[in-house]
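Following: one structure in structure tokens, then a few remarks.
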Amino acid sequence: MTLNECRLPALLLAALLGGCASRLPPVKVEPPSPTDLANREVLDYQQKLQDFSPAEREQELRRLSSATATPANSLSLALLLARSRSSADLAQAQALLDAVQRKPDAQPYQPLARLLSSLIAGLRSEQRKQEEQQGEQKKLEEQLERQGQQLRDSLKKNEQQNERLDALRGQLDALNLKLEALKAIERSLPSRPAPASNGVKP
């Protein structure tokens, strides 16, 4: 038996077995939903933002501010504004997200817009609390400063009054010395005879 003759039955057997094998139905891959695509787009943009330098963020802010207000641009601009964490920028970001939630054609972006709007609302609430606490702390510091100034003024006034009191004591001591001197002079004078009761001079 030659080599070719040995291979032939093996090949026939393989072909026969291959034909008998059941074929699996092809797996059906669903295309991503519009919401899924929108989420990916916004999350990719957020990832890209993290690598931007301050100058690039400023340039991107100008670009998005002048671009057409599509839902994707609005969400991108909101993400960019939220990074600054300033009150005005957070308010503007939330307004953009609220506008996306109201647009019927922005439906794929609305779940993410709701989530981001909720997060920004929480940030703004925390920011307001911090500002109120800082305001209260500033008021307390000003009140303490006023009370400290009043105390310093009161101490200075007391010091001035003590100085005046010391001066008055000095004057009183001087007057007492003069009075004692006058009494001493009076005692040293010869005593005068008592006047006559009938009016006749002695």
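Quick look at the numbers
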| quantity | calculated |
| --- | --- |
| Test: A174 is at pLDDT 90 or above and farther than 21 Å from Q46 by Cβ | yes |
| Answer residue from the range 55-96, given it is among the aliphatic types (A, V, I, L, M) and outside any helix (DSSP H, G or I) and is nearest to R40 (Cα to Cα) among those | A69 |
| Test: residue in the range 97-105 that is of a type in the set (V, I, T), in a helix (DSSP H, G or I) and more than 30 Å from S66 (Cβ to Cβ) | no |
| Residues of the range 83-111 classified as buried (at least 21 other Cβ atoms within 10 Å of the Cβ) and closer than 19 Å to E131 by Cβ, total | 2 |
| Qualifying position, being surrounded by 10 or more Cβ atoms within 10 Å (Cβ to Cβ), at pLDDT below 90, in a helix (DSSP H, G or I) and not aliphatic (A, V, I, L, M), among R114, R124, R187 | R124 |
| Yes/no for A55 being at pLDDT 90 or above, more than 22 Å from A95 (Cβ to Cβ) and among the aliphatic types (A, V, I, L, M) | yes |
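The values are calculated or read from the model by the stated rules, or taken from the named source; none is laboratory data. Being a predicted model, the structure only gives us computed values, none of them experimental. Using ideal geometry, Cβ is built from the backbone for each residue, glycine included, and neighbour counts are taken over all protein chains shown.
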